[in-house]
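Chemist: Structure in structure tokens, see below.
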Amino acid sequence: MKKLKITPIKNGTVIDHISPGLALKVLRVLKIPETTTSVVSVAINVNSRMGKKDIVKVENRELDTKEVDKIALIAPKATINIIRNYEVIEKRTVHPPREIIGIVTCSNPTCISNAREPVQSRFLLVQDDPPRIRCYYCERDIEDIAEGIK
Ligand code: CTP
Ligand code: ZN
């Protein structure tokens with residue numbers, strides 16, 4: 001059978017081994033503008049050696065620490081591959097931070113971190129995979145972390 005491949009990219013970032021179905025959430029973290037002229041590919045539920053996975057490829061883009069932390073909270077099994085001139089020059093695994101400061105909104109509307117005079121949100125990682133986080137202030141466990149990502 002002819003195998004349809006997603007195009008390799010020349011320069012940029014490939015986020016690979018995303019748990020199936022989570023690519024669109026990862027894409028949201030990257031905040032790619034509608035006016036982008038870069039090649040962006042999203043593959044959902046593709047077969048791999050280790051079962052199904054999602055992949056996101058973004059040309060001409062490297063990720064900052066905050067973006068990597070957000071991806072780790074959504075897809076802790078992801079690998080981040082930096083591509084230069086078609087070669088993988090760096091491959092990193094991601095790790096959700098122990099303390100998550102300022103990147104997730106608490107789902108408790110009365111939490112002090114949601115007050116009008118805002119205190120930066122702060123969570124503790126209580127489970128690695130799937131990540132579970134608990135608000136440092138009101139102790140609420142966040143059900144849908146991706147939903148709360150700023
Ligand atoms: N990739 C790409 N463009 C390139 C080079 C690689 O899109 N120019 C993609 C590959 O398709 C793959 C990922 O980047 O999804 C990592 O590439 P590589 O390390 O070559 O693949 P594997 O060895 O299969 O990676 P792993 O062991 O992490 O599964
Ligand atoms: Zn809270």
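Chemist: Under the condition of being within 16 Å of the chain's Cα centre (by Cα) and within 14 Å of ligand 2 (Cβ to nearest atom), which residue from segment 104-127 is surrounded by the most Cβ atoms within 10 Å (Cβ to Cβ)?
Modeler: Going residue by residue through segment 104-127, those that are within 16 Å of the chain's Cα centre (by Cα) are 104-105, 125.
With within 14 Å of ligand 2 (Cβ to nearest atom) added as a condition, the list becomes 104-105.
Values: V104: 23, T105: 15.
So the residue we want is V104.
Chemist: Restricting to segment 133-144, and then to whatever is near ligand 2 (Cβ under 9 Å from one of its atoms) and either among the charged types (D, E, K, R) or within 23 Å of the chain's Cα centre (by Cα) (or both), can you tell me which residue is surrounded by the fewest Cβ atoms within 10 Å (Cβ to Cβ)?
Modeler: Step by step, filter segment 133-144, then rank; the result is E139.
Chemist: Now, a different point. Counting only residues that are of a type in the set (S, T, Y) and closer than 18 Å to A72 by Cα, how many does segment 117-150 have?
Modeler: 1
Chemist: Can you work out which of the residues in segment 58-103 that are among the acidic types (D, E) and closer than 25 Å to R122 by Cβ is nearest to ligand 2 (Cβ to nearest atom)?
Modeler: Among them, the one singled out is E99.
Chemist: Tally the residues that are small (G, A, S), over 18 Å from I82 (Cα atoms) and touching a strand residue (DSSP E or B) at 6+ places or on another chain (Cβ under 7 Å), restricting the search to segment 22-55.
Modeler: So the count comes out to 0.
Chemist: Then there is this: Of all residues in segment 60-80, which are in a strand (DSSP E or B) and crowded, with 18+ Cβ neighbours inside 10 Å?
Modeler: Passing the criteria: only I80.
Chemist: Might you let me know whether segment 80-96 holds any residue that is more than 16 Å from ligand 1 (Cβ to nearest atom) and more than 18 Å from the chain's Cα centre (by Cα)?
Modeler: no
Chemist: I'd like the full set of residues that are outside any loop (DSSP other than H, G, I, E, B) and surrounded by fewer than 16 Cβ atoms within 10 Å (Cβ to Cβ), limited to segment 4-36.
Modeler: Result: L24, R28.
Chemist: On the basis of being away from ligand 2 (no atom under 16 Å from the Cβ), assigned by TED's automatic domain parsing to the domain that holds G21 and assigned to a loop (DSSP other than H, G, I, E, B), does P130 make the cut?
Modeler: Spelling it out, it is not the case that P130 is away from ligand 2 (no atom under 16 Å from the Cβ), assigned by TED's automatic domain parsing to the domain that holds G21 and assigned to a loop (DSSP other than H, G, I, E, B).
Chemist: Whether any residue in segment 106-122 is charged (D, E, K, R) and closer than 15 Å to E147 by Cα is what I want to check.
Modeler: Within segment 106-122 (the criterion being charged (D, E, K, R) and closer than 15 Å to E147 by Cα), the answer is no, since none of the residues qualifies.
Chemist: With the structure loaded, tell me whether K53 is away from ligand 2 (no atom under 16 Å from the Cβ), of a type in the set (K, R), surrounded by 14 or more Cβ atoms within 10 Å (Cβ to Cβ) and part of a loop (DSSP other than H, G, I, E, B) or whether it fails that test.
Modeler: no
The values are calculated or read from the model by the stated rules, or taken from the named source; none is laboratory data. Keep in mind it's a predicted model, so treat the numbers as computed, not measured. Using ideal geometry, Cβ is built from the backbone for each residue, glycine included, and neighbour counts are taken over all protein chains shown.
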